[in-house]
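The values are calculated or read from the model by the stated rules, or taken from the named source; none is laboratory data. This structure is a prediction, so every number in the text was calculated from the model and none was measured. Every residue, glycine among them, receives a Cβ derived from its backbone with ideal geometry; neighbour counts consider all protein chains shown. Side chains included, ligands, DNA and RNA excluded: accessible areas come from the protein's heavy atoms. Shrake-Rupley method; radii C 1.70, N 1.55, O 1.52, S 1.80 Å.
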Amino acid sequence: MNDYSQIVIVGFGNEFRKDDGVGLYVARLLRKKMSDRVKIVVGIPDGYALLETWKESSSVFIIDCTESGNK
C-alpha cells in the first residue's frame with residue numbers, strides 16, 4: 001500500500017467545551033477499533049497542520065460537532 005491510498009480521519013474539538021469535544025471523543029473510539037491502515041488524528045493545532053495531515057491521502061473524513069442553540 002502506498003501513501004496515496006491512506007485514509008485519514010480527523011477529530012476536531014475542545015473536550016472542555018460542551019459539544020465541542022464530540023469529534024475528539026469519536027476519533028479516539030475509532031482509533032481503538034480501526035486497523036493501522038487508517039490514520040486517525042485527534043486534534044489539529046492550525047490550518048497548516050490540517051493540510052499536512054492529509055497531504056498524500058486518498059480519503060479524508062472530518063468529525064466535528066456544533067450546537068446551534070436552535071430548539
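Numbers at a glance
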quantity: Single residue of Ile63, Ile44, Ile7, Ile40 found to be in contact (Cβ under 8 Å) with a residue 24 or more places away in the chain, open to solvent by 50 Å² or more (accessible area, probe 1.4 Å) and aliphatic (A, V, I, L, M); calculated: Ile7
quantity: Total residues in the stretch 57-71, condition modelled with pLDDT of 80 or more and farther than 18 Å from Asn14 by Cβ; calculated: 5
quantity: Some residue of the stretch 13-20 being in a loop (DSSP other than H, G, I, E, B), modelled with pLDDT under 85 and among the aromatic types (Phe, Trp, Tyr); calculated: yes
quantity: Selection count where residues are over 30 Å from Gly69 (Cβ atoms) and open to solvent by 80 Å² or more (accessible area, probe 1.4 Å), scope the stretch 19-37; calculated: 5
quantity: Failed criterion for Gly69 (all others in (1) part of a helix (DSSP H, G or I); (2) surrounded by fewer than 13 Cβ atoms within 10 Å (Cβ to Cβ); (3) small (Gly, Ala, Ser) hold); calculated: (1)
quantity: Filter result (open to solvent by 50 Å² or more (accessible area, probe 1.4 Å) and among the hydroxyl-bearing types (Ser, Thr, Tyr)) within the stretch 47-60; calculated: Tyr48, Ser58
